Each structure stands twice: as C-alpha cells, then as structure tokens.
Amino acid sequence: MVITLDASILLFYVMIFTGIANLILLILEKDGHAGKWFGKVNILFKNKILGLRFFEKIVYDMASDLIPKYKSISVEKGSEGLLEYIGEIVYKSILFSMFSLAASLILAYAFSNLIIVFFGILSFTSILYPYIDYLLLKGEKDRGIYNELVFFAFTEYICQESGRNIDYALNHVINGRLFKWIRTEAKIILTDLLIHSKNLYNSLRERASNTKATVYRRFLDGYAGIYATGGNLLTYMSHQIEVLKNDLKFRIKQFLEKAQMISVKKSSD
C-alpha cells in the first residue's frame with residue numbers, strides 16, 4: 001500500500017537524521033580519543049574501499065579523462081594530485097550513498113513507499129562531482145578571461161608600442177597582481193616557450209585550440225597569424241582594444257539598464 005508523503009513528517013525525519021549526524025560529529029570533534037579512533041578506522045576503511053579493483057578502476061578512468069580537461073582550463077593539478085582528489089570524492093560519495101540508502105530504506109518502511117529508495121540509490125551519482133567541479137571552473141575561467149581581456153589588450157598594446165611582443169606582456173602579467181585567469185594562461189604559454197622550446201606562433205595557436213573562450217581564442221589566433229606573417233601587430237592591438245572596449249561599454253550599459261529596471265520595480269512596489 002502506498003501512502004501519500006506528508007511534508008511535515010518528512011521534514012521531521014530529516015531533522016532527526018541531521019541532528020544525529022551533527023551529534024556524532026560533535027563527539028568526534030570534542031573527544032580526542034574518539035576522534036583518533038575514528039581517524040584510524042576511516043583511513044583503514046578508505047584504503048580497503050579504494051583498494052577494490054572496481055573502485056580503483058573508476059578513480060583511474062575518471063582521472064585519465066579529467067586530467068586534460070583540468071589542464072585545458074589552466075588548473076594546476078598533476079596526475080597524482082588529481083588521483084588523490086578523485087579518490088577522496090569517490091570514497092565520500094560511497095559513504096554518502098550508504099548513509100542515504102540506509103535513511104531512504106528507513107523512510108520507505110515508515111511511509112510504506114518504495115519510491116523513496118530510488119532517491120537513496122540516486123545519491124551514488126555524487127561520484128560524478130569532479131565533472132561538475134570542472135564545468136563550474138571552466139565557466140568561471142571563461143567569464144574571467146572575457147572580463148580581463150580588454151585590460152590585458154591595453155597592457156599588450158603598451159608593450160608592443162615599445163617594440164616588445166606578447167611574451168613580454170605575459171611576463172609582466174605573471175609578476176603583477178592585476179590579473180587572475182590570464183595570469184594562469186600566461187604561465188602555460190611561457191612554459192611552452194621557455195621549457196618546451198616552442199616558438200611564439202605554435203605556443204599561441206596551441207593555447208587557442210585548448211580554450212573554449214571564443215573571444216580569447218580569436219585574440220590569440222589573430223596575434224599568432226599576424227606575428228607569423230610579419231604584419232603590423234600594433235595596428236592589430238589597436239583594433240582589438242577598440243573592439244573589446246566597445247564590447248565592455250555595451251555590457252556595462254546592459255548592466256546599468258537592468259539595475260535601473262530593478263530599482264524602478266522596487267520603488268513602485
């Protein structure tokens with residue numbers, strides 16, 4: 001027999017489970033002996049879980065898939081660091097899934113509704129969190145580069161005017177604190193130039209092919225092409241500044257219009 005779920009009763013059970021979980025965490029935090037015991041058990045259990053061939057394969061398969069993705073968004077995580085990170089996520093998702101499944105079974109029995117068990121099983125999808133983390137970082141990085149590019153273009157124009165190419169501007173970015181995302185991009189490009197002995201054209205084109213930020217990719221491709229053909233880079237940078245500046249003005253105008261609309265709406269309310 002299926003009983004309709006009562007929201008207040010469901011909330012009551014959730015509060016009970018949350019209270020028990022917080023009580024356990026408080027005991028472990030305040031009691032040093034309990035905390036040490038739990039730490040040892042936790043490490044032992046983690047090693048056994050991740051030592052199983054099935055979960056070990058999940059960790060390595062996810063890492064091999066995610067390493068190039070993280071590198072493409074300039075996140076500095078080596079293979080070992082990423083393995084550790086993913087292994088921790090897999091382990092925690094298993095614990096979370098076990099707890100959620102147990103809680104869902106109790107609730108399913110209490111409400112005589114097996115559908116609740118389905119939600120407990122779905123909790124295992126938390127193992128995919130590294131992919132969500134990558135997508136969030138990628139979106140943040142693309143927006144960050146988009147916002148910083150106009151200011152970097154000004155910096156590069158000044159360097160170009162003094163007879164220095166983009167690699168000098170990238171060095172300036174690394175040594176300064178004005179840029180966040182372009183600073184990580186500069187490290188990758190300069191590493192290709194100084195350590196991997198690539199020329200400027202190949203380094204810029206390769207970086208452009210590894211980024212999904214459209215405006216930034218066009219900026220690098222255009223610079224690389226003109227540099228390779230011996231074109232006028234100062235004229236190119238002047239044109240880029242004009243395009244990026246107009247785009248920034250348009251975005252600021254849109255923001256101000258939206259802010260004004262919200263302000264008028266609130267005042268009318």
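The values are calculated or read from the model by the stated rules, or taken from the named source; none is laboratory data. Small disclaimer: the values here were computed from a predicted structure and weren't measured. All Cβ positions, glycine included, derive from the backbone under ideal geometry; neighbour counts span all protein chains shown.
Structure above, values below:
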quantity: Filter result for the condition that a residue is free of Cβ contacts under 8 Å to residues at least 24 places away in the same chain, under 24 Å from L137 (Cα atoms) and not in a helix (DSSP H, G or I), over R218, R177, R207; calculated: R177
quantity: Any hit, segment 99-121, residues being surrounded by fewer than 18 Cβ atoms within 10 Å (Cβ to Cβ), assigned to a helix (DSSP H, G or I) and under 21 Å from the mean Cα position of the chain (by Cα); calculated: no
quantity: Selection status of A213, under 23 Å from Y70 (Cα atoms), of a type in the set (G, A, S) and out of contact with any Ser or Thr (no Cβ under 8 Å at 6 or more places or on another chain); calculated: yes
quantity: Count of segment 155-179 residues which are touching a helix residue (DSSP H, G or I) at 6+ places or on another chain (Cβ under 6 Å) and either under 23 Å from Y70 (Cα atoms) or among the hydrophobic types (A, V, I, L, M, F, W, C) (or both); calculated: 7
quantity: Lone qualifier among A228, A224, A169, A153 - being at pLDDT 90 or above, part of a helix (DSSP H, G or I), more than 26 Å from Y134 (Cα to Cα) and in contact with a Ser or Thr (Cβ under 7 Å, 6 or more places away or on another chain); calculated: A169
quantity: Complete set of residues in segment 123-168 that are of a type in the set (K, R) and closer than 20 Å to Y223 by Cα; calculated: R164
quantity: Residues within segment 67-82 that are at pLDDT below 75 and either on the phi < 0 side of the Ramachandran plot or part of a helix (DSSP H, G or I) (or both), tallied; calculated: 11
quantity: Odd one out for G32 among (1) surrounded by fewer than 16 Cβ atoms within 10 Å (Cβ to Cβ); (2) small (G, A, S); (3) farther than 30 Å from Y134 by Cβ; (4) modelled with pLDDT of 65 or more; calculated: (4)
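Per-residue answers, yes or no, for (1) crowded, with 19+ Cβ neighbours inside 10 Å; (2) of a type in the set (D, E, K, R); (3) under 18 Å from the mean Cα position of the chain (by Cα):
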| site | (1), (2), (3) |
| --- | --- |
| D142 | no, yes, yes |
| E161 | no, yes, no |
| G176 | no, no, no |
| K180 | no, yes, yes |
| L190 | no, no, no |
| N202 | no, no, no |
| N210 | no, no, yes |
